[in-house]
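Below: one structure, written as structure tokens.
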Amino acid sequence: RLIERHQPETLWVLGDLLHGPILDAPWIDRWQDFRRAHLSLSIQVIAGNHDRQLTDAMAQQLGLQAIREDLVVEGLHLCHEPRLGASLPMLCGHLHPCIKLPGLPRRWPSFQLQEQCLVLPAFSLLTGGSPLDPRGSRWFACVAGEIVPGGS
């Protein structure tokens, strides 16, 4: 829905696109439908630790580009694994932060901001999520379509 609403030129995936077998995976048909619906969308994947199977040939078959190193795009450091102390604002994945909020069921995917590093949540059922320590960072939980801010 966000792609239809905002019409971006590029979609950046900060690693862990793949979690398991790829070519016989049931999501391949849905992925191909998505690519046909968004032919002009450039999809750039900064390969993460779960993307070892993502060869250049496979990336081409999926209609995306696999990038094997961090990038700086318009003054923003894009990477898979977070590193504190960066000189530029950093956007990364890998940790899949989530938080359990008092009075609410289950853990919720959360953005986590510490220093200049924003760690993105994962919304996949395949990623369990890493419980974040709410002390020492700001966080933004994604709860039933709403953003719930917290932290210091």
Notebook entry, point to check: Karplus couplings for the stretch 90-107 from phi (6.51 cos²θ - 1.76 cosθ + 1.60, θ = phi - 60°), rounded to Hz, Gly and Pro as x?
Noted result: 10, 10, 8, x, 6, 7, 6, x, 8, 9, 9, 9, x, x, 10, x, 6, 8
Note to self: Students often check this: by mean Cβ neighbours within 10 Å, which of 138-149, 30-41, 45-56 ranks highest, and how do the rest follow?
What the structure shows: 45-56, 138-149, 30-41
Next item on the list: Using +1 at the Cβ of each Lys and Arg and -1 at the Cβ of each Asp and Glu in the chain, identify which of Gly136, Leu11, Gly103 lies farthest towards the dipole's positive end.
Entry: Gly103
Checklist line | Summed residue charge, Cβ within 13 Å of Ala47's Cβ, Lys/Arg positive, Asp/Glu negative | finding: -4
Check: When the dipole is taken about the Cα centre of the stretch 74-151, and only Lys, Arg (+1) and Asp, Glu (-1) are charged at their Cβ, what size is it in debye, to the nearest 20?
Finding: 280
Next item on the list: Would you mind calculating the gained length between Arg106 and Asp133 on full extension (0.36 nm times residue separation, minus the Cα-Cα distance), in nm to one decimal?
Entry: 8.1 nm
Notebook entry, point to check: In the Gaussian network model of the chain, springs joining C-alpha atoms below 10 Å, which of Val119, Val13, Val72 carries the largest mean-square fluctuation?
Noted result: Val72
Notebook entry, point to check: Given the Cα-Cα distance of Ile147 and Leu84 and 0.36 nm per residue of separation, how much length would full extension add, in nm?
Noted result: 20.2 nm
Next item on the list: For the chain, give the magnitude of the charge dipole about the Cα centre (Cβ charges: +1 Lys/Arg, -1 Asp/Glu; no others), in debye to the nearest 20.
Entry: 480
Check: Rounded if a/c is under 1.5, else prolate if a/b is larger than b/c, else oblate: which is the chain, with a ≥ b ≥ c the root eigenvalues of its Cα gyration tensor?
Finding: prolate
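FYI, it's all coordinate maths here, none of it is from the lab. Predicted model only: the values in this text are computed from it and were never measured. A quick note on method: Cβ atoms are made from the backbone with ideal geometry, for glycine too, and the neighbour counts reach across all protein chains shown.
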